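Following: one structure in structure tokens, then a few remarks.
Where a number appears in this text, it was derived from the coordinates with a stated rule and is not lab data. Given the structure is predicted, the values throughout are model-derived calculations rather than measurements. Cβ coordinates were reconstructed from backbone atoms using ideal geometry, including for glycine residues, and neighbour counts include every protein chain displayed.
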Amino acid sequence: MKSSIRELVPEYIRSLAQYVPGRPIEEVERELGMIAIKLASNENPLGPSPRAVEAVRRAIVDSNRYPDGSGQYVREALAARWELPVENFLLGAGSTELIDLVARALLDHGDEGLTSEGSFPLYYTAIQAAGAKVVKTRLKDYAFDFEALTRAVTPRTKVIYLANPNNPTGTMFTGDVFAQFLDRVREDVVVVLDEAYYEYVQHPGYPRSIELLKRKPNLMVLRTFSKAHGLAGLRIGYGMGPAELIEEINKFRSPFNTSNVAQAAALAALEDVGHVKRSVANNQAGLDQLKRGFQELDIQFVPSFGNFVFVELGEHARRICHDLLHRGVITRPMGWMGFPNAIRVSVGRPKENEMCLRELAELLKGAEHYAPLPKQVVR
Ligand SMILES: *Cc1c(COP(=O)(O)O)cnc(C)c1O
């Protein structure tokens, strides 16, 4: 007989690293007895679309009924928006569920899933939880290294995960670089392009992934309503990709993985172009504000294409993150993601960014207990 229940669990599950979420604002406020601001989870600081909130109110009265399991209306609306056939769309409880479902559909024991160090931790979890081997290349200047990725593909590679922009570093790769990479990858390897921050990117060279989908049978693009649409709490995201893969996933995914409420909210949010526009404008202004602030403080950061900034603070990063929290500013320590000297700051509303910069300045100025910050850590 097995000596403990834990031993019933396969080693590749037991050895998984726990995902470390940002601290919930209510929990921090209760603990500190003060008002806090949360700049830790790349959420939309403007809130959800008011039209989505109204749609939720209307939908919730039907909550005794099971939802439409395939999310037909949402998928049709997405198909119309992106001008692709509806059978190429799949909904998930956030795009993180889709990261997992793709891995489970494709990977068998002995197979390999490829991605980079310093990227979204749920890629590693998904690959390993499917019983496969996680292969990671290094980041180069905080970004995906496509030369290294190309070299790391083996006959056992079945899936490659890429985040664009990358979380947590905020870097972006262009359409030229990505198309070239796709042309060098075998067509029996599925490339998952995670575009969680798609709406925020203003760069003209950002990949036109919908165009690529039309000529690449092995591309899967993931997007979400959690970020620019402000619906992180409702858990709904979508994938666009090979109909054959989606059909297989539909056989084993939870049949009601998105709720009626989430579907109603997503439909309304998709229509509310104004809210996304305002969110993107707030984000652009916030990125500029944080950039200026960090420069004034002589703090090194990575220029970001998302709604967050990766900030190098040196050896005391963890301590600074902790002290910021005790001053009511929740940011994300990056040690658990492999960057012990960095924190990630999500873009907030102007007042929130200002408070973050002010508290950070005070900490760095008045803090004799910190050794001086090493300068020029990056770039
Ligand atoms: C936030 C994020 C997601 C989306 O998460 P949801 O499950 O849709 O809330 C996916 N990928 C990356 C890289 C992210 O940062």
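Data overview
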| read-out | value |
| --- | --- |
| Net charge dipole size for the chain [Lys, Arg +1 and Asp, Glu -1 on Cβ; Debye, nearest 20] | 220 debye |
| Projected-area average for the range 1-88 over all orientations - Cα convex hull basis, square nanometres | 12.4 nm² |
| With Cα atoms, 0 to 90° folded angle of helix 350-366 axis to the chain main axis | 50 degrees |
| Expected 222 nm ellipticity per residue - DSSP helices of 4 or more, -39500 (n - 2.57), all of the chain, to 500 | -12000 deg cm²/dmol |
| Formal net charge of residues neighbouring Glu117 (Cβ-Cβ distance under 13 Å; K, R +1; D, E -1) | +2 |
| Most to least packed among 270-280, 242-252, 325-335, 156-166 [average Cβ atoms within 10 Å] | 156-166, 325-335, 270-280, 242-252 |
| Helix axis angle, 317-326 relative to the chain longest principal axis, alpha carbon, degrees | 80 degrees |
| Nearest 10 degrees, 0 to 90: helix 72-82 Cα axis against the chain principal axis | 70 degrees |
| Calculated from backbone phi, Karplus (6.51, -1.76, 1.60) coupling profile of the range 264-274 in Hz, x at Gly/Pro | 5, 5, 4, 4, 5, 5, 5, 6, 7, 4, x |
| Unsatisfied cross-links (Cα-Cα over 20 Å) in the set Lys38/Lys277; Lys38/Lys140; Lys38/Lys351; Lys227/Lys251 | Lys38/Lys277; Lys38/Lys140; Lys227/Lys251 |
| q = 0.22, 0.23, 0.29, 0.30 Å⁻¹: log10 I(q)/I(0) that the Debye formula gives for the range 249-288, counting C-alpha atoms only | -0.75, -0.77, -0.91, -0.93 |
| Gyration tensor (alpha-carbon) shape descriptor, the range 182-288, a/c threshold 1.5 | oblate |
| Overall form of the range 13-167 per C-alpha gyration tensor (a/c, 1.5; a/b vs b/c) | oblate |
| Mean shadow area of the range 99-207 over all directions, Cα convex hull, nm² | 6.2 nm² |
| For Leu107, residues with placed amide H under 5 Å, excluding near neighbours | none |
| Farthest positive-ward along the range 53-135 dipole, Cα basis, beta-carbon charges - from Tyr124, Gly110, Gly92 | Gly92 |
| Amide H contacts under 5 Å for Val309, placed H, 5+ residues apart | Val345, Ser346, Val347 |
| Kirkwood-Stokes translational diffusion coefficient of the chain, alpha-carbon pairs, 37 °C, 0.692 mPa s, µm²/s | 151 µm²/s |
| DSSP bridge pairs, the chain: antiparallel proportion in percent, nearest 5 | 50 percent |
| Percentage of interatomic Cα-Cα distances in the range 250-352 larger than 24 Å | 43 percent |
